[in-house]
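Below is one structure; the comments refer to it alone.
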Amino acid sequence: ICSAITIAPNPPVFMPVQASADSGKLLIDIPGWNQPFLMVATLENALGSNDIGLDRAANGNPMLVEFRRVGQKAFLVQRNTAFVADSADADEARAAKDAFAESVLWAGPILPGTPARVDITALATTDWVGVADRLQATEQGGYRLDGDRSSIVPEDARSFPDNSDVTALLTFTGPGQGQYVQQIAANPQILSVKQRISFVRLPGGGFTPRAYHPASGGYSIGRYDFAQPITTNLDVRLQPRFRLQKTDPTAARSTVVKPIVFYLDRGTPEPIRSALLEGANWWAEAFDAAGFIGGFRAELAPPGMSMSDARYNTITWTHRATRGWSYGGGLIDPRTGEIFKGYVNLGSQRVRQDLLIAEGILAPYKPGAD
């Protein structure tokens, strides 16, 4: 690594990034003032404890944010998406916006001689995943972020057309007396993880939100919409879903504009790797039967791909010190319910437990055997 890694905007990128290995500073060029985008924090390297629950590739909820300028200072502000007035009347919408607090997540000076370049090192090295809070909640003790042992990871700074990602090494210090941290940590008083922050361009138009139906069997996201008619519930629930469009919307069966593709973690061993790919691709039959030809497929992740990359749907092979559950979800645009990244975390020890259960059910033992 030289003194700096620069991601040049050619082809055009969402938010140009410069990461200096010498100074340990992380600079970005703000793409526009008062322009909303999404910010997501993800654990690149985690704790490996089912009981604590901070898994590799575990995602936080996307935050709707924007940069605002006041003089020579930039503010990163999180919008309050829980309370809105979804109205064409700008005054009605503003009345709801002004009624509930926003959050200034970060502030810093605009660098001299630049129109919109800022140093976001402090932003990148903040505990956005909530590691310290989670350790406290699981009775592992009071841990704090140690700034002297935390830094950006310059080689992991990346910028693409629709997202820009930065990574930081975060080190937490604490009593080390909790049962779970003693079980998993090299030194339970010093816990070091990697956190990726993704700045994601808002998905484009053309996506129609779908109202959630409680009989659907799915899950929902919601917000209080004060522009609802006076006789209607303020709590508006949306069905999270992918953007899956037919090339011929009028046809009962049609190929799709962009298929849903899930990428399997290359760390998954054989024969489980092949079995998971085969099983995941069974979903293609369901999409085909629903009229979306080629609407879904699962593939092995390409070499070097991060399971935390917001551009890809992922199936992560998740190791923990003890067996635990598997789960899935999605990174969702809070305005519309559109899933822009789906994820599945598979507990690697579940298959071992399944084998033990099957062995117990089949009881393949000789009579009288110990």
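The values are calculated or read from the model by the stated rules, or taken from the named source; none is laboratory data. In this text the structure is predicted, and so the values were computed from the model without any measurement. Reconstructed Cβ throughout: ideal geometry from the backbone, glycine too, with neighbour counts over all protein chains shown. Areas reflect the complete protein model, heavy atoms only, side chains present, ligands, DNA and RNA absent. Shrake-Rupley method; radii C 1.70, N 1.55, O 1.52, S 1.80 Å.
Being within 22 Å of Gly218 (Cβ to Cβ) and among the acidic types (Asp, Glu) is the requirement here; does Glu338 meet it? Steps first, answer last, please.
Working: within 22 Å of Gly218 (Cβ to Cβ): yes; among the acidic types (Asp, Glu): yes.
The answer is yes for Glu338.
Would you be able to tell me the number of residues in region 165-200 that are under 14 Å from Ser306 (Cβ atoms) and in contact with a Phe, Trp or Tyr (Cβ under 7 Å, 6 or more places away or on another chain)? Can you show your working first?
So in region 165-200, the residues under 14 Å from Ser306 (Cβ atoms) come out as 165-167, 194-198.
Restricting the remaining residues to those that are in contact with a Phe, Trp or Tyr (Cβ under 7 Å, 6 or more places away or on another chain) gives 195, 197.
The qualifying residues number 2.
In region 300-364, counting only strands (runs of 3 or more DSSP E) that sit wholly within it, none holds 2 or more residues that are free of Cβ contacts under 8 Å to residues at least 24 places away in the same chain and among the basic types (Lys, Arg).
Checked against the criteria, Ala252 counts as part of a loop (DSSP other than H, G, I, E, B), farther than 29 Å from Thr81 by Cβ and more than 19 Å from the chain's Cα centre (by Cα). In region 54-72, the residue that is most open to solvent (accessible area, probe 1.4 Å) out of those that are among the basic types (Lys, Arg) and over 15 Å from the mean Cα position of the chain (by Cα) is Arg69. Of the residues making up region 10-18, at least one is farther than 30 Å from Gly141 by Cβ, touching a residue at least 24 places away in the same chain (Cβ under 8 Å), surrounded by fewer than 16 Cβ atoms within 10 Å (Cβ to Cβ) and of a type outside the set (Ser, Thr, Tyr). Pull out all pairs, ordered by first then second residue, where Cβ-Cβ is under 7 Å, the residues are six or more apart or on different chains, the first lies in region 182-205 and is farther than 27 Å from Pro154 by Cα, and the second is acidic (Asp, Glu) and modelled with pLDDT of 95 or more. Correct list of pairs: Pro203/Asp333; Pro203/Glu338.
Within region 161-197, if we keep just the residues that are within 11 Å of Tyr143 (Cα to Cα) and within 24 Å of the chain's Cα centre (by Cα), the residue that is surrounded by the fewest Cβ atoms within 10 Å (Cβ to Cβ) turns out to be Thr171.
Pull up region 235-249, narrow it to residues that are within 24 Å of Ser216 (Cα to Cα) and in a loop (DSSP other than H, G, I, E, B), then point me to the one that is least open to solvent (accessible area, probe 1.4 Å).
In the first step, residues of region 235-249 are kept if they are within 24 Å of Ser216 (Cα to Cα); the result is 235-246, 249.
Filter once more, so that each one left must be in a loop (DSSP other than H, G, I, E, B): 239-240, 242-245, 249.
Numbers: Gln239: 32, Pro240: 10, Phe242: 56, Arg243: 63, Leu244: 37, Gln245: 73, Pro249: 109 Å².
Filtering first and then ranking leaves Pro240.
Those helices (runs of 4 or more DSSP H) of region 82-160 in which at least 2 residues are touching a Leu at 6+ places or on another chain (Cβ under 8 Å) and open to solvent by less than 70 Å² (accessible area, probe 1.4 Å), considering only elements entirely within it, cover 121-124, 131-137.
Here's the yes/no breakdown for (1) touching a Gly at 6+ places or on another chain (Cβ under 6 Å); (2) open to solvent by less than 40 Å² (accessible area, probe 1.4 Å); (3) within 30 Å of Pro209 (Cα to Cα):
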{"position": "Ile260", "(1), (2), (3)": "no, yes, yes"}
{"position": "Ile293", "(1), (2), (3)": "no, no, yes"}
{"position": "Ala298", "(1), (2), (3)": "no, yes, yes"}
{"position": "Pro302", "(1), (2), (3)": "no, no, no"}
{"position": "Ser326", "(1), (2), (3)": "yes, yes, yes"}
{"position": "Lys341", "(1), (2), (3)": "no, yes, yes"}
{"position": "Leu362", "(1), (2), (3)": "no, no, no"}
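Could you tell me which residue of region 57-81 is farthest from Asp265 (Cα to Cα), considering only residues that are assigned to a strand (DSSP E or B) and aliphatic (A, V, I, L, M)? That would be Val70.
With respect to the conditions (1) among the aromatic types (Phe, Trp, Tyr); (2) farther than 27 Å from Trp128 by Cβ; (3) open to solvent by 50 Å² or more (accessible area, probe 1.4 Å), Tyr224 lacks only one, and its number is (2).
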